[in-house]
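Okay, structure first, notes after.
The values are calculated or read from the model by the stated rules, or taken from the named source; none is laboratory data. Every value quoted in this text rests on a predicted model; they were computed, and no experiment measured them. Note that we place each Cβ from the backbone using ideal geometry, even for glycine, and neighbour counts take in every protein chain shown.
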Amino acid sequence: MSAFKKLYNLYSGFTHYRNYRASFLGQSVIIVFMKKRYRTVNDYYREIFGEKIFKLPIDAGFDCPNRDGTVAHGGCTFCTVSGSGDAIVAPEAPIREQFYHEIDFMHRKWPEVQKYLVYFQNFTNTHAPLEVIKERYEQAINEPGVVGINIGTRPDCLPDDVIDYLAELTERMHVTVELGLQTTYEETSELINRAHSYDLYVETVKRVRERAPKAEIVSHLINGLPGETHEMMVENVRRCVTDNDIQGIKLHLLHLMTNTRMQRDYHEGRLKLLSQEEYVSIICDQLEIIPEDIVIHRITGDAPRDMLIGPMWSLNKWEVLNAIDKEMERRDSWQGCKAASEKEEKA
Ligand code: SF4
């Protein structure tokens, strides 16, 4: 029996629910959550920081090598004009101002939170000379309460000097490299104009692990890309977690957004959007093969309603999360339950 399952059983012996105290309209209330069958990022951050934290998305004004012609033009076909970061409160403001705008916004809901991760989200946040990168990061990461930095980037944009700077940062704070992969299939990669290979991804993960061993790597994958079957999506996860020493994973649902190149694929019949039932089944199959120590940073997405073409069911995020919980419960499965048996079969 895996350690995760043992812990899960032990925990179930006490309670089926987890309680958090929060304040609502000035009243202290107990919020009850059903426990999860996978290792959530919220639990992980509570483990390492000892309390709830905010992750504050920032647009630091970087471009992307896949858009500005450095490696290709036009960008990934699903990418929006904001570089896959559409939820920032004041993206035009100077970096330090964005940081405080985000805190104000989050404090409306959770006024007690005092620790922050700065998340450089939009576009490719290592696509500049090292001095420029440093200057932009340091505008936010020295502010009171910052305990870490998350950097969204691509595998073709992490030269050694940048990784060495990240290694220096790990001596000051928690560092996470959010490394876009999206698919491990070269034919899909070409279809979506990803403009880097899977081999390069594997090589970059190795370099980051060697040069900045305290930095964590979170891989991003997308479910629902054109031409990918259920089996291919599960295989994407299998390759990602077996070929790479990563500490976390984000599983996104493909959101078809307005003003993207992918809109044309959809209108010309080359793209079929997933149903909620299909998505839930894929996610559960993926969770079952992800080793239990890997942190699950995301299994749904947040798309702005006014830009979303589909799938519209994804707007009901809690319904999707509940459906995933229910399906895991129906199967009596948990994160990594099949990773363990696959390892045994190979041994
Ligand atoms: S790498 Fe990211 S920012 Fe660049 S085009 Fe693709 S999704 Fe957009």
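Observations on the model:
- Among (1) without any contact (Cβ under 8 Å) to a residue 12 or more places away in the chain; (2) closer than 14 Å to Asn66 by Cα; (3) of a type in the set (D, E, K, R) - the single one Arg194 does not satisfy: (1)
- Candidates in region 317-347 are the residues that are at pLDDT 95 or above and part of a loop (DSSP other than H, G, I, E, B); of these, the one that is nearest to the chain's Cα centre (by Cα) is Gln335.
- Pair list, Cβ under 7 Å, 6 or more apart: region 43-61 residue over 18 Å from Pro111 (Cα atoms), other residue aliphatic (A, V, I, L, M) and in a helix (DSSP H, G or I): Ile58/Ile95; Ile58/Ala140; Ala60/Ile95
- Boolean, Leu179 is more than 16 Å from the ligand (Cβ to nearest atom) and aliphatic (A, V, I, L, M): no
- None of Asn316, Asn322 is closer than 17 Å to Lys35 by Cα, surrounded by fewer than 22 Cβ atoms within 10 Å (Cβ to Cβ) and free of Cβ contacts under 8 Å to residues at least 12 places away in the same chain except Asn322.
- Contacts under 7 angstrom Cβ, first residue in region 70-81 being closer than 16 Å to Pro226 by Cβ, partner among the β-branched types (Val, Ile, Thr) and more than 7 Å from the ligand (Cβ to nearest atom), 6 or more apart: Cys76/Ile192; Thr77/Ile192; Thr77/Thr260; Phe78/Ile192; Phe78/Thr260; Cys79/Thr260
- Residue match in region 290-303 (condition: part of a helix (DSSP H, G or I), of a type in the set (D, E, K, R) and either in contact with a Lys or Arg (Cβ under 9 Å, 6 or more places away or on another chain) or under 22 Å from Gly180 (Cβ atoms) (or both)): no
- Test: residue in region 219-227 that is crowded, with 18+ Cβ neighbours inside 10 Å, assigned to a strand (DSSP E or B), within 16 Å of the ligand (Cβ to nearest atom) and aliphatic (A, V, I, L, M): yes
- As a summary of the residue check, Tyr20 satisfies the conditions (1) modelled with pLDDT under 65; (2) touching a helix residue (DSSP H, G or I) at 6+ places or on another chain (Cβ under 7 Å); (3) in a strand (DSSP E or B) except for the one numbered (2).
- Only one of the listed residues (Thr176, Thr204, Thr170, Thr184) is touching a Cys at 6+ places or on another chain (Cβ under 7 Å) and closer than 25 Å to Val41 by Cα. That residue is Thr184.
- So Leu166, is it within 16 Å of the ligand (Cβ to nearest atom) and aliphatic (A, V, I, L, M): no
- Scanning region 46-64 for residues that are within 16 Å of the ligand (Cβ to nearest atom) and either in a strand (DSSP E or B) or farther than 17 Å from Thr260 by Cα (or both) gives Pro57, Ile58, Asp59, Ala60, Gly61, Phe62.
- Tallying residues that are modelled with pLDDT of 95 or more, within 14 Å of the ligand (Cβ to nearest atom) and surrounded by fewer than 20 Cβ atoms within 10 Å (Cβ to Cβ) within region 74-133 yields 2.
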